[in-house]
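Contents: one structure, followed by commentary.
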Amino acid sequence: MTDRLGPRVAENISRVVLGKPEPIELTITALLAGGHVLIEDRPGVGKTLLARAVARSLDLPYQRLQCTADLLPVDVIGAQIYQPGSGELRFQPGPVFTSVLVADELNRTPPRTQSALLECMAEGSVTIDRETHRLPDPFFVVATQNPTTSAGTYPLPDSQLDRFLMRIQLGYPELDDELRIVAREDGHRTLEELQPVADADALRAARAAVSAVRMQDDLLHYLVELCRRTRQSPDVVAGVSSRGAQALHRACRARAWLHDRDYVVPDDIHRLSAPVLAHRLSLQSGGADAAQALLAELIHGVPAPA
């Protein structure tokens, strides 16, 4: 049954990722919407654990890519390898040929390597020597990045950020959750005991159901108006594009389905505006907090339809 897929997966993930119901729900929402997630936070708060728990819960193939300063594009997407015996070139797939790819510390690798993921994330394919290779379906990227104040980081360009449906944070755990985390010592060992609760076919069926969720015309007008207002603010260098508005529309329908509705309500837009839109804003000053504050101001200033 696809109608319980979201809650079942969320409950399963929460067995290993403790005390983070909102980031878990956002990650599942992005997965249902066919998007990708960028987790920006400090090391050691469970970013990779969350991604691996998603893969195990859905019984999906998983690859982890540790991004470093010397990582090359061929290390990501693969390359044509010369075969001495036959004298031919044979394509050797890279780690992107999986269903769940964790690009750990993405902003520690240079822009040339970051760009290797652009086609993968936007079109689900890799083109090498004029030949296009399709990636598996589903294909879900969970990238992590350290705060840009950390040493040895390369800021992600706008085109790369725009490929992520959401940017989220996990944050430090509450006291009771941290006590449980420390007591069990190794969350990855607990992860190995996690059993799948669904599979790729169930996920594809759920995505088809999400596409049938409707948004009323007045609510769609409200969503687009919020995005357009970001382009009019004097503090904004570059506002939300039409692709950003499409991303919010897609995410809202996924959240509605996750909450057992076949229609979108204003609260879906309000809850998802920051994780979906904030990283698409370029402000004259201030970072993610300033972008989220601007979005909150717009939501307060633009009346939502009843």
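Things worth noting here:
- Of 175, 220, 165, all but one fail to be modelled with pLDDT of 90 or more, assigned by TED's automatic domain parsing to the domain that holds residue 278 and at negative phi; the exception is 220.
- Residue 53 in the same structural domain as residue 193 (by TED's automatic domain parsing), more than 30 Å from residue 15 (Cβ to Cβ), in contact (Cβ under 8 Å) with a residue 60 or more places away in the chain and among the aliphatic types (A, V, I, L, M): no
- Filter result (crowded, with 21+ Cβ neighbours inside 10 Å and either out of contact with any Asp or Glu (no Cβ under 8 Å at 6 or more places or on another chain) or among the basic types (Lys, Arg) (or both)) within the stretch 252-273: 253, 254, 255, 257, 264, 268, 269, 272, 273
- The residues listed here are 228, 184; of these, the one that is modelled with pLDDT of 90 or more, surrounded by fewer than 16 Cβ atoms within 10 Å (Cβ to Cβ), among the basic types (Lys, Arg) and more than 23 Å from the chain's Cα centre (by Cα) is 228.
- When residue 101 is tested against the conditions (1) at pLDDT 85 or above; (2) outside any loop (DSSP other than H, G, I, E, B); (3) over 20 Å from residue 166 (Cα atoms); (4) not charged (D, E, K, R), the lone failure is (3).
- Looking across the stretch 231-247 at every residue that is at pLDDT 95 or above and hydrophobic (A, V, I, L, M, F, W, C), the one that is surrounded by the fewest Cβ atoms within 10 Å (Cβ to Cβ) is identified as 245.
- Complete set of residues in the stretch 71-108 that are charged (D, E, K, R) and within 26 Å of the chain's Cα centre (by Cα): 75, 104, 105, 108
- Residue satisfying all of: in the stretch 1-58; under 12 Å from the mean Cα position of the chain (by Cα), among the charged types (D, E, K, R) and assigned to a helix (DSSP H, G or I); surrounded by the fewest Cβ atoms within 10 Å (Cβ to Cβ) among these: 25
- Flag if residue 40 is charged (D, E, K, R) and in contact with a strand residue (DSSP E or B) (Cβ under 6 Å, 6 or more places away or on another chain): yes
- Residue 64 being surrounded by fewer than 13 Cβ atoms within 10 Å (Cβ to Cβ) and outside any helix (DSSP H, G or I): no
- Residue check for residue 243: outside the structural domain of residue 166 (by TED's automatic domain parsing), within 15 Å of residue 165 (Cβ to Cβ) and assigned to a helix (DSSP H, G or I): yes
- Of the residues making up the stretch 22-42, one or more are outside the structural domain of residue 276 (by TED's automatic domain parsing), under 21 Å from residue 250 (Cα atoms), out of contact with any Phe, Trp or Tyr (no Cβ under 9 Å at 6 or more places or on another chain) and without any contact (Cβ under 8 Å) to a residue 12 or more places away in the chain.
- Contact map, the stretch 254-280: residues that are within 19 Å of residue 301 (Cα to Cα) paired with residues that are among the polar types (S, T, N, Q) and surrounded by fewer than 24 Cβ atoms within 10 Å (Cβ to Cβ), Cβ distance under 7 Å, separation 6+ or inter-chain. Pairs shown: 274/292; 278/292.
- Residues satisfying the stated conditions in the stretch 71-103, i.e. buried (at least 21 other Cβ atoms within 10 Å of the Cβ) and either in contact with a Lys or Arg (Cβ under 7 Å, 6 or more places away or on another chain) or outside the structural domain of residue 139 (by TED's automatic domain parsing) (or both): 102
The values are calculated or read from the model by the stated rules, or taken from the named source; none is laboratory data. As the structure is a computational prediction, the values presented were derived from the model and not from experiment. With ideal geometry, Cβ positions are generated from the backbone for all residues, glycine too; neighbour counts draw on all protein chains shown.
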